[in-house]
Amino acid sequence: MAAASQRVLVFPSSSELGPALARFIAVRAQESCGSERARFTLGLSGGSLVSMLSRDLPAVPGLDCRKWLLGFCDERLVPFQDPESSYGLYKTSLLSKISVRESQVLAINPSLPVEEAAEDYATKLREAFPGEEIPVFDLLLLGMGPDGHTCSLFPEHPLLEESEKLVAGLKDSPKPPPQRVTLTLPVLNAARCVAFVTTGGSKAAVLKRVLEGKEAPALPAARVLPSPGELLWFLDESAAGSLTLSVERPTCAAAL
Ligand SMILES: O=C(O)[C@H](O)[C@@H](O)[C@H](O)[C@H](O)COP(=O)(O)O
């Protein structure tokens, strides 16, 4: 099944991409908070996204995060003080700058064994999205590795077939650290909007496979096809260098 709508947005470099992504998040947040949901649920990923958001989100004029609820698309099972902890990094580099309180963040409990940490995080999600069989996030921000993984869903890993659990634990992540907790594909594909953020020439070949290839089995990132949600790819020219499909090149001030 294809995503209900897909857009591929290409920016000259991450210096232009980051502010455009930040404005996009702010606009979507304002729309969600003004809707009957009266809040904005945002799923974060680790990797290079942490520094991009920390640089560009606080710079959005008038950003109001009081009704935001943040979760993690995946997280490394390490203490929050560990430099590998995505929550720890966001906490020190972003959350205080945008006045997001701890009570607005759904985080894993890194002191639990990995399977229990996954179940505990799933319980937190069920409580935060009452009445929803699968939590529907307003926006999930995802990265993609050079092997086509996203979240902690890796190529050829059995977790790609998970259809029951909202959250899964794994002990054998090929990207360190090995123990992680991740949202599963049913949750990713239930989101109102998913935005991949991918920059750099090291991603060009895999991006072509994900967006233009017809491989079976499909790479993890190619399996993220929210329906009826939207799918957006925020790319820089280096990452988009091998694509032949039609893309948009928004101007700086363009509303996305
Ligand atoms: O824990 C992690 O590392 C991430 O959540 C992971 O899925 C990441 O988003 C991709 O590996 C892309 O990372 P980069 O943006 O740093 O290439």
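Considering only residues that are in contact with a strand residue (DSSP E or B) (Cβ under 6 Å, 6 or more places away or on another chain), of a type outside the set (A, V, I, L, M, F, W, C), touching a residue at least 40 places away in the same chain (Cβ under 8 Å) and within 24 Å of residue 126 (Cα to Cα), which ones fall in the range 181-235?
182, 226, 229, 230
Do you know which residues across the range 8-50 are open to solvent by 10 Å² or more (accessible area, probe 1.4 Å) and among the hydroxyl-bearing types (Ser, Thr, Tyr)?
Selection gives 13, 14, 15, 35, 48.
Has the range 229-238 got at least one residue that is part of a loop (DSSP other than H, G, I, E, B) and either open to solvent by 20 Å² or more (accessible area, probe 1.4 Å) or among the acidic types (Asp, Glu) (or both)?
No; the residues of the range 229-238 include none that is part of a loop (DSSP other than H, G, I, E, B) and either open to solvent by 20 Å² or more (accessible area, probe 1.4 Å) or among the acidic types (Asp, Glu) (or both).
Can you find, within the range 51-84, the residue that is surrounded by the fewest Cβ atoms within 10 Å (Cβ to Cβ) among those that are of a type in the set (Asp, Glu) and within 17 Å of residue 102 (Cα to Cα)?
64
Taking the range 122-133 on its own, how many of its residues are closer than 19 Å to residue 39 by Cβ and either open to solvent by less than 60 Å² (accessible area, probe 1.4 Å) or part of a helix (DSSP H, G or I) (or both)?
Number of matching residues: 6.
Within the range 172-204, which residues are in a loop (DSSP other than H, G, I, E, B), away from the ligand (no atom under 15 Å from the Cβ) and either over 18 Å from residue 219 (Cβ atoms) or at pLDDT below 95 (or both)?
Scanning the range 172-204 gives 190, 191, 192.
Taking the conditions exactly as written (closer than 19 Å to residue 39 by Cα and open to solvent by 10 Å² or more (accessible area, probe 1.4 Å)), does residue 112 satisfy them or not? Let's see the steps before the verdict.
Numbers: closer than 19 Å to residue 39 by Cα: no; open to solvent by 10 Å² or more (accessible area, probe 1.4 Å): yes.
So residue 112 does not fit the description; no.
Within the range 232-255, can one find any residue that is within 16 Å of the chain's Cα centre (by Cα) and of a type in the set (Val, Ile, Thr)?
The answer is no; no qualifying residue exists.
Go through the range 124-166 and give me each residue that's more than 14 Å from the ligand (Cβ to nearest atom) and among the β-branched types (Val, Ile, Thr).
Matches in the range 124-166: 134, 136.
The values are calculated or read from the model by the stated rules, or taken from the named source; none is laboratory data. A quick note: this is a predicted structure, and the numbers were derived from the prediction, not measured. Note: ideal-geometry Cβ built from the backbone for every residue, glycine included; neighbour counts use all protein chains shown. Ligands, DNA and RNA are stripped out before the accessible areas are found, and what is left, the full protein with its side chains, is counted by its heavy atoms. Shrake-Rupley method; radii C 1.70, N 1.55, O 1.52, S 1.80 Å.
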